[in-house]
Structures are given as structure tokens and as C-alpha cells.
Amino acid sequence: MLATAIVGFFAALVIAKSFDEFRRGREAFPVFLFWVITWLAVLLVAVFPSVTVWLRQEVFGPAVGLGTFFGIALVFLLFLSYRLYLKTDRVERDLNALITQLALRDLPGGQEEKARSNQGSRDQASPHP
Amino acid sequence: MASPTSSAPTTVLAIILPAYNEAGQIGTVLDDLPDRLPGVDRIERIVVDDGSRDATGPIARTHGAIVVRHRLNRGVGLARRTGLAAARAIGATVAVTLDADGQHDPDEISTVIAPVLAGQADLVVGSRLMNPAGMPPIKRLVNRSANLFLRLAWGIHSTDSQSGFRAYRVVSVNRLRLRTSGYEADTEILIAAQEAKFRVIEVPIRAIYTEYSTGAGRGQSLLNSITIVLRLIIRTITG
């Protein structure tokens, strides 16, 4: 009962947040749909745990145990973490490059231009300025 | 100011001070910097204001420094990189980085830059642990652990991998592939220097530990070292 309430709370939170982002035009419709379907599925399993038994018997077959489900879920989570890491790393690098370029504008006249061209040749020479 | 494109070869030294909320100390640190050094034709002071919320930048400017400002606080590593880019832009041939909290003795700048001026090194590290007298035991432990990690993981021998007192041959700096922006940048520079086949030399320096430089939020904690290690491992794995 407690687990169902917790899952219900988080599902409502994520769906509401995702809807708000979609409404403001900051999230694409497929992304919004993905989160709604994902969290409704999680909520369905929390409210009706027997769904997993039905899935095992009717869809996957008795050879697929709970361990397989957990294993697949873990791999999926690790994949998501990796994707998130790549994305934040790229954003951080872009932010750092931007902040450096803005800072170099503070240099006395003429020198900022030179700094920018140096920075540009450096960017071409190396993928990690 | 002489033009960097002047035909006569001149040795221009850029003294780079990355600074974050150092309004209380930056003026004194800048005033203590040397105006003249043997083998150097011109000295420029560059303060990289790393998104300070106090008057670090304006104070530095009134004390004669060139100030470049990070619009957001991004860490000492990126501040040093910005400082080195600025040094190159103003035509510096040698750059030296110091901490802005006054823990480095400006009189030792000539010792640190000497191997670069002599053409013997691309990077010189001022090592506090070659003569660690006066260094707090916990800092010694943290530094020695970091050195051991660097040696085991990358085969790099350094007596003070965390030192911020370093001299660079500016023309070589573009060969360094640097990504990190926090305190881990000190170690990353040594790794990148090895990758770029830099000539690296260490010289002994004295670190000055005052109430100000060891105050809350300054320097590296043991917990911070764990984060540094993790970031460096990720940097290596992801290239």
C-alpha cells in the first residue's frame, strides 16, 4: 500500500511536470508521451502486481524469471546514466568555451580579436579545447 | 605597452592570478608582485575573476592588473586556462600562475620561471613537498596521496601534483588537451603534459599558510580529493 502511494506520488509529479514543460513548449510531444506511458506503466505494476505474473505467463514464458527483468532494468538505467553523462559533459564543455570567450572580450582593444583567433585554431586542432 | 608584434624579440612574462571572492587579499597580492625580473623585458599581471560576488575584479583593476571576468564561477582550472589564453593574446612568451590568496611567495617567481627562460622546460611546477617544512600534516597527506595516485594510474612522478605555482612556455600551451575546470585541472595538466611530451621540471618553493589561505572554503579537502580522482578517471575513460 505504501509502495503504491509512493509510486503514485512520483508518477503524478513526473507527469504533471512533463505536461507543464510540454505546455510551455519546452518539451516535444513524443518526449511528453514517453514519460506519460512510462510512468503509467510503473503505476500499473504498483497497483496491480499480478500484471507481472500475467506478463511472465502469457508474454515472456516461464523461462524468463524476475532476475531477467531486474537485469534488463539495470542495464537500461546504466545506459540512461551514460547518455546523461555524455550530455552534461558536452554542455559543460560548451559552457566553458563560451565563458572563456566572453572573458577574453575584457582584454584591452585588439587583443581580444587575437585571443579569439588563437582559441579558434586551438578548437580545430583539438576536440577538447 | 610594447606591441606583441614588435620585431625585436622580447620576453614578456604574464603573471596569472585566478581569483574567486578574493577582494580581501587581491590588492596586497598584486602589490607584492615584482615589477622587474632578470631575463624579462616586460611583466603583465592578469587576474581572472572567476565570477566573484565581491569586488575582486574592480580592486584588481585599480592595482594595475588586466582583469578578465568569467560571467559564472567555473572553477580554478578553467580560470587558469582563460588566463593562459589571455597571456597568449597579449603576446606573453612565459606565463606563471599563482594562487590569489597569498600562499605563494612572489620572490620565488624568478626561480619558477628560470627553466622556461633558459629553454630547458615547457612546464615548471613549484613543489611545496620538496621542502615541506611548515606545511600542515593533513595537506601533506592529501598531496602525497594525490602524487601516489598519479604515479600508479599514469606513471607520472611528481612531488607536488596539486601545486598552483607553475610556469609555462606560452607557445607550448596550445598542445595541452584540457577539459576539466575544477581543482582536478592541476593533475590533468600533468597528464596532458605527458601526452604532449612536454619537458617538465620541478623546483622547490615555499608555501605560506596563513589564517586567510587555510580558511573555510579555500584549498582542497580530503572529500574533494575523491571527487577529483573520479573526474580524472572519467576524463581518461572518455578521452
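The values are calculated or read from the model by the stated rules, or taken from the named source; none is laboratory data. Here the structure is a predicted model, which means the values were calculated and not measured. Cβ coordinates were reconstructed from backbone atoms using ideal geometry, including for glycine residues, and neighbour counts include every protein chain displayed. For the accessible areas, the whole protein counts, side chains as well, though only heavy atoms, and no ligand, DNA or RNA atoms are used. Shrake-Rupley method; radii C 1.70, N 1.55, O 1.52, S 1.80 Å.
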| note | Going through (1) in contact (Cβ under 8 Å) with a residue 24 or more places away in the chain; (2) open to solvent by 60 Å² or more (accessible area, probe 1.4 Å) one by one, A:Leu43 fails only at (2)
| request: With a cut-off of at least 2 residues that are open to solvent by less than 20 Å² (accessible area, probe 1.4 Å) and within 14 Å of chain A (Cβ to nearest Cβ), name the helices (runs of 4 or more DSSP H) lying wholly within the range B:54-135. | output: B:56-62, B:76-89
| note | If we ask which residues in the range A:89-114 are at pLDDT 90 or above and either surrounded by 11 or more Cβ atoms within 10 Å (Cβ to Cβ) or among the aromatic types (Phe, Trp, Tyr) (or both), their number turns out to be 15
| request: Would you kindly identify the helices (runs of 4 or more DSSP H) lying entirely within the range A:1-120 that contain at least 1 residues that are in contact with a His (Cβ under 6 Å, 6 or more places away or on another chain)? | output: A:66-104
| field | Only listed residue being modelled with pLDDT under 90 and away from every other protein chain (no Cβ under 14 Å), chosen from A:Val75, A:Val42 | value | A:Val42
| remark: Residues of the range B:44-53 being buried (at least 20 other Cβ atoms within 10 Å of the Cβ) and among the acidic types (Asp, Glu), in sequence order, are B:Asp49, B:Asp50
